1. Which fully enclosed helices (runs of 4 or more DSSP H) of the chain have 1 or more residues being surrounded by 10 or more Cβ atoms within 10 Å (Cβ to Cβ) and touching a helix residue (DSSP H, G or I) at 6+ places or on another chain (Cβ under 8 Å)?
2. Looking at 35, 22, 39 in this structure, which one is within 16 Å of residue 84 (Cβ to Cβ) and in contact with a strand residue (DSSP E or B) (Cβ under 8 Å, 6 or more places away or on another chain)?
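Each reported figure results from applying straightforward, stated rules to the coordinates on display, with no laboratory input. Quantities reported herein were computed from a predicted structural model and do not represent experimental measurements. Positions of Cβ are backbone-derived with ideal geometry, glycine not excepted, and every protein chain shown enters the neighbour counts.
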């Protein structure tokens, strides 16, 4: 999924971290090893990123949410913009 979104120019960079999650699913508490995946993209590409995650993810209900940045280095923001500028 990470490689696919970078190749599709939906994300400029993807970071993957192993995590442990506790959650309720189908009425039972679950404890699983999972991966947190951070896609670096633009606001304009958000919906396309969400659609791609839904297409590629194995979960019925993947946790998809966005963080808005108050401050971003201008050169880094430009790099993200350049690398998510469509196909």
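1. Correct list: 2-7, 46-56.
2. 39
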